[in-house]
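Heads up: the structure comes next, in C-alpha cells.
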Amino acid sequence: MSLKVMNWVWENSPAKGTELLMLLAIADNAADDGTNAFPSVSTLARKTRLDQRTVQRVVRKLAAQGLLVVEERGGREANHD
C-alpha cells in the first residue's frame with residue numbers, strides 16, 4: 001500500500017466519482033514511486049464495490065483520458081496483487 005501515491009491522487013488528479021475511486025484503489029497497490037500497480041480486476045471490483053465489467057470500463061476510460069497506463073498482456077495470466 002502506498003499512502004504517498006494515494007495522497008498524490010487526492011491532491012493532483014482531475015478525476016471525480018467512480019474514476020477517482022478507481023485511481024485510489026489502483027494507487028493502493030502501487031510502490032511509493034507509483035510503479036508496480038498491477039491489481040487484478042477482481043481485486044479492484046472488491047475494493048471499489050463495483051462489478052468486474054464496470055471496473056474494466058472505468059479502467060479503459062481512464063486509459064483513454066491519459067490518466068492511467070495499461071500494460072496489455074496476452075492470455076489469461078493473472079495480474080500481480
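The values are calculated or read from the model by the stated rules, or taken from the named source; none is laboratory data. Keep in mind it's a predicted model, so treat the numbers as computed, not measured. Quick reminder, even Gly has a Cβ in these numbers, built from the backbone with ideal geometry, and neighbours come from all protein chains shown. Ligands, DNA and RNA are excluded from the accessible area calculation, which covers all protein heavy atoms including side chains. Shrake-Rupley method; radii C 1.70, N 1.55, O 1.52, S 1.80 Å.
Expressed as a whole percent, the accessible surface of the chain that belongs to carbon and sulfur atoms is 51, based on a 1.4 Å probe. Take the chain with all the other protein chains still there, run a 1.4 Å probe, and you get 70 Å² of accessible area per residue. Rounded to the nearest 20 debye, the dipole magnitude of the chain is 420 debye, with +1 charges on Lys and Arg beta carbons, -1 on Asp and Glu beta carbons, and the Cα centre as origin.
Placing unit charges on the Cβ atoms of the charged side chains and taking the dipole of the chain about its Cα centre, the candidate lying farthest along the positive direction among A37, M1, V59 is V59.
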